[in-house]
Amino acid sequence: MIKFIVPSQLLTKNLQNISGILAPNKNVPIVEHVLFKIEGLKLTLLATDLETTMTTLIDLSTSEGDGTLVMPAKLILETIKTLADVPVIFNIDDDYGIKISAGEANYSLVGWDAEQFPKLIEMDNSNTFDIPAPVLVNAISRTAFATGNAEMRPVMAGVFCQLFSDNIIFVATDAHRLVRFKDPDIQTGVEASLIIPKKPLLQLKNIALGLDETITVSYNDARISFKVDETSIMTKLIEGKYPNYEAVIPKNNTNILQVERQDLLQKMKNISLYANQSTYQIRMKIEPTKLTLTAEDVESSTRGIVNLACVFESDQEDFEIGFSSKFLQEILSNMTSTNVIFKFSHPTGAGLVFEAEEEQIDENLLMLIMPVMLNN
């Protein structure tokens, strides 16, 4: 027999964190649930989707008996998350029968033998460094949205992380857009190139959001782990060679457009309603002080035109370029500055987008968007 008591809100928070990586699995259905391990006054929760494993540790005020079993965590979470902050009492018998008492409510359910659960793989020969949680959260926020499709090119389904002794670079691309985020203030003391899957990074971001803690990162040739507070995330690295992203960043970008970010974003959202809903093509006609956005769909006979103020420096009188408004909106939404600066080499080349405050460009964040062919 095992008995332990845990506050409902504490258990809810930890189950919500750890359940984020759970996914349906017809071949190994037990991994749709969570492993509970009780040792003294410590409760360890463990979840895996066979690629990524999460563990978190909870301190218990009361516990009788040690043991390990698998529980239907989503059922438990849905049961207790609406409760007031009350003690939740678990009583577990030798046949994995579970009785839960919370306030005036009582529930009965059945768990499974922990021997059926995949064994946790330990990381060997790992390198370790620390990074502030806000830095890593910011890097994930800036880049993860631009990752590609795993089925098309697996290496592009992750974020490329380049570790240098005196800085760190994060890159993501799906071939339509590319983001390079550099933090020159982070000194890891190690050098490596790692491709980290998107899903565990987003889980890490959710857990670390708003924290001022330090995240301990450990990695070897096959895996990487992140530890923040009492929670750890370990995942397989993506194998393969990341594309030479530097080669696609155009040089000699002499056509420079400055525009208010929110104004452009709102007007682009508005006019996108009139664009072809498969290409989302937007035409940008850029003049020294006026930017004209045009969207149309010939098949449905819709057309929208909107103007906004800008500052444009160019050696060309007539500058027109087309972009997918869907991709450009995502880029603008993942920026925070008042103004953005676009740099173009020519009207059929990729556009570079930078954050800017009072015309000062932040070169540490570079976003690139490929143009679409305009229909004249």
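The values are calculated or read from the model by the stated rules, or taken from the named source; none is laboratory data. What you are looking at is a predicted structure, and each value in this text was computed from that prediction instead of being measured. Virtual Cβ from ideal backbone geometry, glycine too; neighbours counted across all protein chains shown. For accessibility, only protein heavy atoms count, side chains too; no ligands or nucleic acids. Shrake-Rupley method; radii C 1.70, N 1.55, O 1.52, S 1.80 Å.
Values for this structure:
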quantity: Residue in region 126-151 that is nearest to Ile169 (Cα to Cα), counting only those that are under 12 Å from the mean Cα position of the chain (by Cα) and aliphatic (A, V, I, L, M); calculated: Ala139
quantity: Any hit, region 340-350, residues being over 30 Å from Asp185 (Cβ atoms), out of contact with any strand residue (DSSP E or B) (no Cβ under 6 Å at 6 or more places or on another chain) and not in a loop (DSSP other than H, G, I, E, B); calculated: no
quantity: Residues within region 257-299 that are among the acidic types (Asp, Glu) and over 15 Å from Val340 (Cα atoms), tallied; calculated: 4
quantity: Residues within region 79-98 that are surrounded by fewer than 14 Cβ atoms within 10 Å (Cβ to Cβ) and more than 19 Å from Leu15 (Cα to Cα), tallied; calculated: 4
quantity: Gly351, sole failed condition from (1) in contact (Cβ under 8 Å) with a residue 40 or more places away in the chain; (2) open to solvent by less than 10 Å² (accessible area, probe 1.4 Å); calculated: (1)
quantity: Some residue of region 222-230 being at positive phi and small (Gly, Ala, Ser); calculated: no
quantity: Single unsatisfied condition, Lys26 versus (1) at pLDDT below 95; (2) within 18 Å of Thr231 (Cβ to Cβ); (3) outside any helix (DSSP H, G or I); calculated: (2)
quantity: Residues satisfying the stated conditions in region 148-166, i.e. aliphatic (A, V, I, L, M), without any contact (Cβ under 8 Å) to a residue 60 or more places away in the chain and in contact with a helix residue (DSSP H, G or I) (Cβ under 7 Å, 6 or more places away or on another chain); calculated: Ala150, Val159
quantity: Residue match in region 9-18 (condition: in a helix (DSSP H, G or I), open to solvent by 20 Å² or more (accessible area, probe 1.4 Å), within 20 Å of Ser108 (Cβ to Cβ) and out of contact with any strand residue (DSSP E or B) (no Cβ under 6 Å at 6 or more places or on another chain)); calculated: no
quantity: Breaking point among (1) in contact with a helix residue (DSSP H, G or I) (Cβ under 9 Å, 6 or more places away or on another chain); (2) touching a residue at least 24 places away in the same chain (Cβ under 8 Å); (3) more than 16 Å from Asp124 (Cβ to Cβ), for Gly210; calculated: (2)
quantity: Every residue from region 105-134 that is open to solvent by 40 Å² or more (accessible area, probe 1.4 Å), touching a residue at least 12 places away in the same chain (Cβ under 8 Å) and not in a loop (DSSP other than H, G, I, E, B); calculated: Tyr107, Val110, Trp112, Asp113, Gln116, Asn127, Thr128, Asp130, Pro132, Pro134
quantity: Region 147-171, residues that are among the aliphatic types (A, V, I, L, M) and under 13 Å from Leu365 (Cα atoms); calculated: Ile168, Ile169, Val171
quantity: Single unsatisfied condition, Ser101 versus (1) open to solvent by less than 70 Å² (accessible area, probe 1.4 Å); (2) in a strand (DSSP E or B); (3) in contact (Cβ under 8 Å) with a residue 24 or more places away in the chain; (4) among the polar types (S, T, N, Q); calculated: (3)
quantity: Residue list for region 292-338, restricted to those being in a helix (DSSP H, G or I) and open to solvent by 70 Å² or more (accessible area, probe 1.4 Å); calculated: Lys326
quantity: Inter-residue pairs, beta-carbon under 8 Å, first basic (Lys, Arg) and in region 167-182, second open to solvent by 10 Å² or more (accessible area, probe 1.4 Å) and outside any strand (DSSP E or B), 6+ apart; calculated: Arg177/Phe327; Arg177/Glu330; Arg177/Met370; Arg180/Tyr245; Arg180/Ile249; Lys182/Asn167
quantity: Residue within region 366-376 that is over 25 Å from Glu246 (Cβ atoms), part of a loop (DSSP other than H, G, I, E, B) and open to solvent by less than 50 Å² (accessible area, probe 1.4 Å) present; calculated: yes
quantity: Output for region 31-59, where each listed residue is crowded, with 17+ Cβ neighbours inside 10 Å and either in a loop (DSSP other than H, G, I, E, B) or in contact with a His (Cβ under 6 Å, 6 or more places away or on another chain) (or both); calculated: His33, Asp49
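Condition check ((1) at pLDDT below 90; (2) not polar (S, T, N, Q)) across all residues:
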| residue | (1), (2) |
| --- | --- |
| Lys37 | no, yes |
| Leu46 | no, yes |
| Thr52 | no, no |
| Ser63 | no, no |
| Leu75 | no, yes |
| Lys81 | yes, yes |
